[in-house]
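I have placed the structure first, in the form of structure tokens, so that the comments after it can refer back to it.
The values are calculated or read from the model by the stated rules, or taken from the named source; none is laboratory data. Keep in mind the model is a prediction, meaning the values are calculated, not measured. Please note: Cβ atoms are built from the backbone with ideal geometry, for glycine as well, and neighbour counts cover all protein chains shown.
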Amino acid sequence: MLKRIFSSVIIFSALTLAGIGAFAQSGEYMAYTPYSIFGIGDLCQQGSAYHRSMAGVGIASRDVRYLNSLNPASLPVRDTLSFMLDFSLLNSNNIYRQGNMSSARNITNIGSMTISFPIMKNLAMMAGVSPYSAGGYGYSVKETDQAIIANTGNITYYDYGQGALYKLYGGLGYALTKNLSVGAEADYIFGNYGKYFTEQFAQKGNNSVQDSYTLGLHSFTGKFGLQYEQKLNAKTKLGFGATYTLGSNLKGTVDYNHQSVGSVETVVVSSKSDTLGLNSASVRLASELGVGVSLNIEDRIRAELDYSYADWTGTGMGTASGFANPESKTPFAAGVRQCFRAGLEYTPDRFNVRYRWKRFSYRAGAYYTTEYYKVAGSEIGTFGITFGATLPVRETYLHNGISLGVDMGQRGTTDAGLVRERYIRFCVGLNLHDIWFQKRRYE
């Protein structure tokens, strides 16, 4: 048994390192959106393909078939003999529009990787890795002030950035009673982000001016979870869930370079390196409160509503060097992030051995999010719909399956010169269960 556990941990560690390497060397970007210029980039949706196909709900989910990494209190709700592994791949296809201009981009990356196994009858743990935030953008703006153009000639401003933060997490969940469980999770967030702002002069003989920020960041934080489920009758259960993620200080360095860039020579005019929280202003990750309610009918129909709230206005993102980016021509400010999510799952007959399609789980959902930043004083909203299914892959154990998810939505608007993003995202996940801790009987 110890050999089996050790082998699984080694395999998972190899997958984790390979995943982080794939993130870092995936070609261009982990994500691509002009809104990721602000702060720490675009916050990534957490969870597996199972969660994504139901709009990201999961705070109140109590289902033995799936590994729920969104609430550590769900961990003891399982087959007590099972080892669980969840792995997912993501693909995003985006179309951007601003005024009469448009562009498109598609990106494929590894999603979350999580393992979980029981420690005692009522105690279970998980460990995993997932992207926390991602940055990727590249766009240009031409100078339109005729007074400036008369003195310097035509100027084009280029903004470019790339990088990501990742989250390593480990959690424990304990069942206080059959219906009530609690959990705690420790998170280590780390990564790098580069942001570059260039003024390029059209007149020959003039060097370009470039400001660049290189951010090397890390932070320790944690999450607490609670779940309770009550039987309403023999066929129906009502569940409640809550999570609270601690706010935490970002540590690391912000390196700044102001340089003259030319075809012959590049000269560094000034350079500065700040250590966050010491010789520069402190920057924080916001705390977040999440609540959810679920309804389970005969293990055939499950519906859930989730809401989360995080106030980023006091985190320093809107003022700190390297995060607020005053060199950009786009005015950003920190805001309040709120998420509303609703999901529905239908499984005709999970134990049907004659018709495979009746064991499929079909899902749909919808969501609306106000992002953690404002642009020119306006909130940026994201909304979308999701759908998907899980297909069982083994006859002998019904919990093994391949999950497929589709997410179609929009962020932003073309009003007031803003950028509108429309996207369709695909997710493929593999959720595996293996029965462990069995005492074999021989006759």
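Okay, here's what the table says:
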{"item": "Selection count where residues are at positive phi and touching a helix residue (DSSP H, G or I) at 6+ places or on another chain (Cβ under 8 Å), scope the stretch 328-386", "result": "1"}
{"item": "Within the stretch 159-211, considering residues that are of a type in the set (G, A, S) and in contact with an Asp or Glu (Cβ under 8 Å, 6 or more places away or on another chain), the one farthest from K237 (Cα to Cα)", "result": "S208"}
{"item": "Matching residues, the stretch 278-298, being in a loop (DSSP other than H, G, I, E, B) and in contact with a Ser or Thr (Cβ under 7 Å, 6 or more places away or on another chain)", "result": "A281, V283, A286, S287"}
{"item": "Close pairs from the stretch 113-131: first farther than 14 Å from N71 by Cβ, partner acidic (D, E) and crowded, with 22+ Cβ neighbours inside 10 Å, Cβ under 9 Å, at least 6 apart", "result": "M113/D86; I115/D86"}
{"item": "Given (1) more than 23 Å from Y228 (Cα to Cα); (2) hydrophobic (A, V, I, L, M, F, W, C); (3) at pLDDT below 90; (4) surrounded by fewer than 21 Cβ atoms within 10 Å (Cβ to Cβ), number of the condition M120 does not satisfy", "result": "(1)"}
{"item": "Selection status of Q410, farther than 19 Å from A303 by Cα, modelled with pLDDT of 90 or more and surrounded by fewer than 18 Cβ atoms within 10 Å (Cβ to Cβ)", "result": "yes"}
{"item": "Those residues of the stretch 304-335 which are at pLDDT below 95, assigned to a strand (DSSP E or B) and not aromatic (F, W, Y), in sequence order", "result": "A333, A334"}
{"item": "Of all residues making up the stretch 123-141, the number that are crowded, with 17+ Cβ neighbours inside 10 Å and over 29 Å from Y35 (Cα atoms)", "result": "4"}
{"item": "Condition check for H258: surrounded by fewer than 20 Cβ atoms within 10 Å (Cβ to Cβ) and either within 19 Å of the chain's Cα centre (by Cα) or modelled with pLDDT of 95 or more (or both)", "result": "no"}
{"item": "Some residue of the stretch 232-239 being modelled with pLDDT under 90, over 28 Å from Y169 (Cβ atoms) and of a type in the set (S, T, Y)", "result": "no"}
{"item": "Subset of the stretch 47-98 (residues that are assigned to a strand (DSSP E or B) and crowded, with 23+ Cβ neighbours inside 10 Å)", "result": "M84, D86, S88, L90"}
{"item": "Residue in the stretch 394-403 that is surrounded by fewer than 18 Cβ atoms within 10 Å (Cβ to Cβ), of a type in the set (S, T, Y), modelled with pLDDT under 90 and in a strand (DSSP E or B) present", "result": "no"}
{"item": "Test: residue in the stretch 47-59 that is closer than 24 Å to E288 by Cα, at pLDDT 50 or above, more than 18 Å from the chain's Cα centre (by Cα) and of a type outside the set (S, T, Y)", "result": "no"}
{"item": "Among (1) modelled with pLDDT of 90 or more; (2) β-branched (V, I, T); (3) in contact with a helix residue (DSSP H, G or I) (Cβ under 7 Å, 6 or more places away or on another chain), the one test that V419 misses", "result": "(1)"}
{"item": "Yes/no for T144 being surrounded by fewer than 17 Cβ atoms within 10 Å (Cβ to Cβ), of a type in the set (S, T, N, Q), out of contact with any Gly (no Cβ under 8 Å at 6 or more places or on another chain) and over 18 Å from Y32 (Cβ atoms)", "result": "yes"}
{"item": "Checking T152 against (1) within 19 Å of Q259 (Cβ to Cβ); (2) within 33 Å of the chain's Cα centre (by Cα); (3) of a type in the set (S, T, Y), the condition it does not meet", "result": "(2)"}
{"item": "Filter result for the condition that a residue is touching a residue at least 40 places away in the same chain (Cβ under 8 Å), closer than 16 Å to H51 by Cβ, buried (at least 20 other Cβ atoms within 10 Å of the Cβ) and of a type in the set (D, E), over E371, E304", "result": "E304"}
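Conditions tested, residue by residue: (1) of a type in the set (A, V, I, L, M, F, W, C); (2) under 16 Å from the mean Cα position of the chain (by Cα); (3) within 16 Å of S36 (Cα to Cα).
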residue: Q338; (1), (2), (3): no, yes, no
residue: E345; (1), (2), (3): no, no, no
residue: F351; (1), (2), (3): yes, no, no
residue: R356; (1), (2), (3): no, no, no
residue: Y367; (1), (2), (3): no, yes, no
residue: T370; (1), (2), (3): no, yes, yes
residue: V375; (1), (2), (3): yes, no, yes
residue: F383; (1), (2), (3): yes, yes, no
